[in-house]
Amino acid sequence: MSKFDTIIRGGRVANASDTVVCDVGIRGGRIAALGEDLGDAGEMIDASGRLVLPGGIDSHVHLAQDSGPGIVMADDFESGTRAAAFGGNTLVMPFCMQQKGQSLRQAVKDYHAKAQGKCHVDVSFHLVISDPTPQVLGQELPALVGDGYTSIKVFMTYQDLALSDIELLEVFSTARETGALVMVHAENYDAIRFLTERLERAGKTAPKFHATSRPIPVEREATHRAISLAELVDVPIMIVHVSNGEAMEQIRWAQSRGLKVFGETCPQYLVLTEKDLDSLNMEGAKYVCSPPPRDEASQRACWLGLQTGVFQVFSSDHCPFRYEDAQGKLTPKARTSFRWVPNGIPGVETRLPILFSEGVVKGRLSLEQFVALTATNHAKMYGLHPKKGTIAVGADADIAIWDPERKVTITQSILHHGSDYTPYEGLEVTGWPVTTIVRGKTVVSDGRLAGDRPAGEYMARNRSPYAAPPDFP
Ligand code: DUC
Ligand code: ZN
Ligand code: ZN
């Protein structure tokens, strides 16, 4: 009898550190051996000519999130994780969004109920704190961090979400005490309100003015302020969805001073620009996300951030709404002003092919950098490594097998998400994930879902030793 349930034979196995040609032996859902000629197993997967990569980890997605009156997110946990699996991902990290006045524990229960039995890949949750009451910060948050919810997102903009500076400091301070990593949405709320009102008074209400209402200084200032506040309480932070060079430079400056300030960027900041928002009629709404896509210089700066290690993670910020839908981008109020267009774009299925093609194939990133930015560093930053994010003996057998030469034109009809459009329509890429394996089970193969039911599981997380506060016990 074979020692393995499955052997992936003869592929180029790439990790964040190196790439070798070898077999991968899987037993009991975990990687049991890496070696030459591991023999036979019940299931043999021929990977010759293919890349064998750690399954993508997308640490920034929004699924089934409450999005305000009359607005419905396009993906629930079933469709969102299905799209993730087809895009070569084996784990996604959505948000449990606390509503104002709601208990954080209740928000967590609600999102678990939404996810229960529906996930095609593994799932772990971040917490969004919109109401940092003494009860939330004193009782609920420390208990939840101890239970494996070891990251928190805070917003510096949006009505009912934006925290004041003192509230940010209070959350940062609780994170410092509990060892949680804080993810920061850095845009200055008052500046956006001021600019939005001025634009609306001038009749400038089309989707393209979304970008005008949140220019680069709005993001740069908030990024700098978040860094300064974090420094005051000596807590690590992750600035998410960085869109441009000025914000990137704030992070680099903090890192050069020895601060644990981390950064994330996303596909929209590499391949879209503000010009995409300037489309006919309401079409620009398809690209409304925050921060908005900028210009070519900003794209180059985001590449530099990825190449030089200023950014540790590359995530999708998948936040999907349908376009032709009164509960989506074309909600009736959206025609009166960009301010009402639901904020966010789909991208969980296209994140990896875009970075592989634009990064690895075009020579901007090594294959090992690609693996680090799309899988390993997510596991490290968010307390899942070495169980996740690497092809190593003992790790979960979370693997994506890629055809590195397959040419694909990204178009809505080939995607599996719940949205009715992709902002990357027409983008030609080289390299595509063909098989996705989660804890040893094949989830996607030959363009089809395998298995008779969703096999994803919830993953509680450790505190990250990489992102822990200095001298955290
Ligand atoms: N922030 C996100 O992280 N996602 C979508 C919208 C937003 O503002
Ligand atoms: Zn955000
Ligand atoms: Zn997001």
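Residues of the range 53-75 being of a type in the set (A, V, I, L, M, F, W, C), within 13 Å of ligand 3 (Cβ to nearest atom) and either open to solvent by less than 10 Å² (accessible area, probe 1.4 Å) or not in a loop (DSSP other than H, G, I, E, B) (or both), which ones?
VAL61, LEU63
Inside the range 163-183, can you point out the residues that are closer than 23 Å to LYS109 by Cα and either surrounded by fewer than 22 Cβ atoms within 10 Å (Cβ to Cβ) or touching a helix residue (DSSP H, G or I) at 6+ places or on another chain (Cβ under 9 Å) (or both)?
Result: VAL171, THR174, ALA175, THR178, GLY179, ALA180, LEU181, VAL182.
Restricting to helices (runs of 4 or more DSSP H) lying wholly in the range 233-336: which have 3 or more residues that are at pLDDT 95 or above and crowded, with 22+ Cβ neighbours inside 10 Å?
It comes to 245-256, 296-308.
Looking at VAL145 and the list (1) without any contact (Cβ under 8 Å) to a residue 40 or more places away in the chain; (2) part of a helix (DSSP H, G or I); (3) among the β-branched types (Val, Ile, Thr); (4) open to solvent by less than 10 Å² (accessible area, probe 1.4 Å), which single condition is not satisfied?
For VAL145, the failing item is (1).
I'd like to verify a number: residues in the range 437-449 that are at pLDDT below 95 and open to solvent by less than 70 Å² (accessible area, probe 1.4 Å), how many?
Matching residues across the range 437-449 total 1.
Look at LEU270 and say whether it is within 17 Å of the chain's Cα centre (by Cα) and either closer than 30 Å to ALA206 by Cβ or within 15 Å of ligand 3 (Cβ to nearest atom) (or both).
Yes: the conditions hold for LEU270.
Sort through VAL434, VAL393 and tell me the only one that's at pLDDT 95 or above, closer than 29 Å to LYS380 by Cβ and open to solvent by less than 20 Å² (accessible area, probe 1.4 Å).
Result of the check over VAL434, VAL393: VAL434.
List, please: which pairs have Cβ atoms under 6 Å, are six or more places apart or on different chains, and start with a residue in the range 429-445 that is in contact (Cβ under 8 Å) with a residue 60 or more places away in the chain and closer than 18 Å to TYR458 by Cα and end with one that is among the hydrophobic types (A, V, I, L, M, F, W, C) and in a strand (DSSP E or B)?
Partner pairs satisfying both residue conditions: THR436/ALA400; THR436/VAL443; THR436/VAL444; ILE437/ILE399; GLY440/ILE26.
Need the failing condition index for TYR458 against (1) open to solvent by less than 60 Å² (accessible area, probe 1.4 Å); (2) within 21 Å of VAL61 (Cα to Cα); (3) of a type in the set (Ser, Thr, Tyr), just the number.
Of the numbered conditions (1) open to solvent by less than 60 Å² (accessible area, probe 1.4 Å); (2) within 21 Å of VAL61 (Cα to Cα); (3) of a type in the set (Ser, Thr, Tyr), the odd one out for TYR458 is (1).
May I ask you to verify whether SER79 is surrounded by fewer than 24 Cβ atoms within 10 Å (Cβ to Cβ), in contact with a His (Cβ under 7 Å, 6 or more places away or on another chain) and outside any strand (DSSP E or B)?
Considered against the rule, which asks whether it is surrounded by fewer than 24 Cβ atoms within 10 Å (Cβ to Cβ), in contact with a His (Cβ under 7 Å, 6 or more places away or on another chain) and outside any strand (DSSP E or B), SER79 comes out as yes.
Just to check your reading of the model, which residue among MET97, MET44 is touching a residue at least 24 places away in the same chain (Cβ under 8 Å), away from ligand 3 (no atom under 16 Å from the Cβ), among the aliphatic types (A, V, I, L, M) and surrounded by fewer than 24 Cβ atoms within 10 Å (Cβ to Cβ)?
After applying the criteria, what remains is MET44.
Residue check, MET282 against (1) within 16 Å of ligand 1 (Cβ to nearest atom); (2) out of contact with any Phe, Trp or Tyr (no Cβ under 8 Å at 6 or more places or on another chain); (3) of a type outside the set (Ser, Thr, Tyr); (4) touching a residue at least 60 places away in the same chain (Cβ under 8 Å), all met but one. Which one?
(1)
Looking only at residues that are among the aliphatic types (A, V, I, L, M) and within 16 Å of ligand 1 (Cβ to nearest atom) in the range 140-167, which one is nearest to ALA379 (Cα to Cα)?
My answer is ILE152.
Which residue pairs have Cβ atoms under 6 Å apart, sit 6 or more places apart or on different chains, and have a first residue in the range 232-248 that is closer than 17 Å to CYS266 by Cα and a second that is among the basic types (Lys, Arg) and at pLDDT 95 or above?
Close Cβ pairs (under 6 Å, with a partner that is among the basic types (Lys, Arg) and at pLDDT 95 or above) amount to SER243/ARG294; ASN244/ARG294; GLU246/ARG220; ALA247/ARG220.
Is it true that LYS109 is at negative phi, in contact (Cβ under 8 Å) with a residue 40 or more places away in the chain, basic (Lys, Arg) and open to solvent by 50 Å² or more (accessible area, probe 1.4 Å)?
Spelling it out, it is not the case that LYS109 is at negative phi, in contact (Cβ under 8 Å) with a residue 40 or more places away in the chain, basic (Lys, Arg) and open to solvent by 50 Å² or more (accessible area, probe 1.4 Å).
The values are calculated or read from the model by the stated rules, or taken from the named source; none is laboratory data. Computed from a prediction, not measured in an experiment: that's the story for all the values here. All Cβ positions, glycine included, derive from the backbone under ideal geometry; neighbour counts span all protein chains shown. Each accessible area value is taken on the protein alone, full model and side chains, heavy atoms only, with ligands, DNA and RNA left out. Shrake-Rupley method; radii C 1.70, N 1.55, O 1.52, S 1.80 Å.
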